[in-house]
Amino acid sequence: MKKTLSMAAALLISCSAVCMNVSAADTDSALVYVTIADQNKKFVLVEEPITVTDIDSDGKLTINDTLYIAHEKKFEGGAATGYKTSVTTWGLGLDRLWGVENGGSYGYYVNDGFSMGLTDEIKNDDQLQAFIYSDAKTYSDCYSFFDSKIGKDIPKGSDVNLTLSYYTFGADSSLISNKLANATITINGKETEYKTDADGKVTIKLTEDMNTVSAVSDSVNIVPPVFVGVATDGAATTTTTAATTTTTTTTTTTTSTTATTTTTKTASTAAKNGNSPQTGVKGAGLAVAGLITAAATALAVRRRDEE
């Protein structure tokens, strides 16, 4: 019986250690590409690779972790100066982005999909685009995006085909994708003669080594889209960009006064010092589950031996 109890105790310790290690391994880090546009629709970060870790110790990698680390590494003065969050009745809220406080008029999308809040999880190779509303009164800014984010090894002077879309919200808060016609394409911040057709399609040529492609529109107040084209010297060809998979999530719990919304925030449970509240410890939960299972096993074996 003593041998049995010893084995059960060993199992209990082993199980708790495995649970904690699995949790830590799942959330060690992820490489996320971050783009941020300011209130003047100017990019301050473009597809910036950010190694994300669990800085708020909530057991997962989130949008909050990503933005905090992006500011810590790229904003003058770090996250303490440029980024701020707080816990409200709606959850974790964004109070300052890239040094701008405007009462919460910010947005963020992951892989061109609508995000519910800062505690949404992210994974390796995700693309996060955050922005400050240019219209902080009526929130008319519409998120826009190309069907591809990055193009590499594009021969200079070759045709690059892109499609531009933008989002609006339906009466039930559902996300509606629309093609944007007659938008002017910009390359490295300069307007060009390229314009999208009725289906949002456009064919452009790249002449520089690094090209940040975006767009402006006279008909829709769009958040600037981004496509980064890395061009090389070589024979001209036609490049058709691969479509980016878009996952969208909609909610009917909170609606905006206009067709667009700022953010919908998820609930959090506890605050931690600084801008990054702690929203729970996943590893501890797994370990507890392991302890309970092992203890139950030991008790069952003991009862059998006594019988």
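The values are calculated or read from the model by the stated rules, or taken from the named source; none is laboratory data. Everything numeric in this text was worked out from a predicted model, so none of it was measured. Here the Cβ positions follow ideal geometry from the backbone for every residue, glycine too, while neighbour counts run over all protein chains shown. Only protein heavy atoms, including side chains, enter the accessible area calculation; ligands, DNA and RNA are left aside. Shrake-Rupley method; radii C 1.70, N 1.55, O 1.52, S 1.80 Å.
Being without any contact (Cβ under 8 Å) to a residue 40 or more places away in the chain and either assigned to a strand (DSSP E or B) or aliphatic (A, V, I, L, M) (or both) is the filter here; which residues of the stretch 51-78 pass it?
Once the filter is applied, which keeps residues that are without any contact (Cβ under 8 Å) to a residue 40 or more places away in the chain and either assigned to a strand (DSSP E or B) or aliphatic (A, V, I, L, M) (or both), the stretch 51-78 yields THR51, ILE69, ALA70.
Taking GLY113, is it surrounded by fewer than 22 Cβ atoms within 10 Å (Cβ to Cβ), out of contact with any helix residue (DSSP H, G or I) (no Cβ under 6 Å at 6 or more places or on another chain), at pLDDT 95 or above and within 21 Å of PHE146 (Cβ to Cβ)?
Taking the combined requirement at face value, the residue satisfies it.
Considering (1) in contact with a helix residue (DSSP H, G or I) (Cβ under 6 Å, 6 or more places away or on another chain); (2) open to solvent by less than 40 Å² (accessible area, probe 1.4 Å); (3) over 28 Å from TYR166 (Cα atoms), say which one ASP56 fails and leave the rest.
(1)
Quick one: how many residues across the stretch 121-135 are under 14 Å from THR66 (Cα atoms) and not in a strand (DSSP E or B)?
Residues flagged as under 14 Å from THR66 (Cα atoms) and not in a strand (DSSP E or B) within the stretch 121-135 amount to 5.
Please work out if ILE122 is of a type outside the set (S, T, N, Q) and either closer than 21 Å to PRO224 by Cβ or free of Cβ contacts under 8 Å to residues at least 24 places away in the same chain (or both).
Judged against the criteria, ILE122 is not a match.
Please state which one of VAL230, VAL216 is open to solvent by 40 Å² or more (accessible area, probe 1.4 Å), in contact (Cβ under 8 Å) with a residue 24 or more places away in the chain, more than 27 Å from PHE114 (Cα to Cα) and hydrophobic (A, V, I, L, M, F, W, C).
VAL230
Would you confirm, using the coordinates I've provided, whether LYS152 is outside any loop (DSSP other than H, G, I, E, B) and basic (Lys, Arg)?
The answer is yes for LYS152.
Please enumerate the residues belonging to the stretch 123-177 that are touching a Leu at 6+ places or on another chain (Cβ under 8 Å), more than 16 Å from GLY107 (Cα to Cα) and open to solvent by less than 20 Å² (accessible area, probe 1.4 Å).
Within the stretch 123-177, PHE146, SER148, ILE154, SER158, VAL160, LEU164, SER165 qualify.
Just checking, how many residues over the stretch 79-101 are at pLDDT 95 or above, part of a loop (DSSP other than H, G, I, E, B), open to solvent by 10 Å² or more (accessible area, probe 1.4 Å) and not hydrophobic (A, V, I, L, M, F, W, C)?
2
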